[in-house]
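Take a look at the structure below.
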Amino acid sequence: MRVGIATDHGGFGLKQEMITRLCAAGHEIVDFGAHRLTPSDDYPDFVIPLAHAIAAGRVERGVAICGSGRPDGGTGSSLGPRQDVPDSRVQSSRAAPAPACQSRFPAGFVMILYLGIESWQSAE
């Protein structure tokens, strides 16, 4: 599967880890950035192009990583790409345990999975 991935500085390290894991699982990765650790970069600059790529069919799914992953914890998880890409194919879900994701959403429904670095670290 062709998977797009995007983050700002808040999820830079996790993005690198996810790229490694997704490649090892046989997926083709399209990296929308950030391509270097820059504390002043802005999450929407990377995630909105990811959403456009999904809507255009250039990638099949996406992973968007922000610092908190909480809707009250910053702009990342609350600024969903659906605000800028009004395409019914661009659906998203915040990360949940795999069985919850599988049972809550039918196959092919979730196009972008949001991961928050804070919630990812606390789950490990």
Report yes if Leu50 is within 13 Å of the chain's Cα centre (by Cα) and either crowded, with 16+ Cβ neighbours inside 10 Å or more than 15 Å from Leu115 (Cα to Cα) (or both), otherwise no. yes
The lone condition Asp42 fails out of (1) surrounded by fewer than 18 Cβ atoms within 10 Å (Cβ to Cβ); (2) farther than 14 Å from Leu115 by Cα; (3) at pLDDT 90 or above is (3)
Restricting attention to region 1-34, the residues that are surrounded by fewer than 16 Cβ atoms within 10 Å (Cβ to Cβ), in a loop (DSSP other than H, G, I, E, B) and either hydrophobic (A, V, I, L, M, F, W, C) or modelled with pLDDT under 95 (or both) number exactly 2
Determine whether region 2-9 contains at least one residue that is under 13 Å from Leu115 (Cα atoms) and hydroxyl-bearing (Ser, Thr, Tyr).
-> yes
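The values are calculated or read from the model by the stated rules, or taken from the named source; none is laboratory data. These figures come from a predicted structure and were not determined experimentally. Cβ: placed from backbone, ideal geometry, glycine included. Neighbour counts: every protein chain shown.
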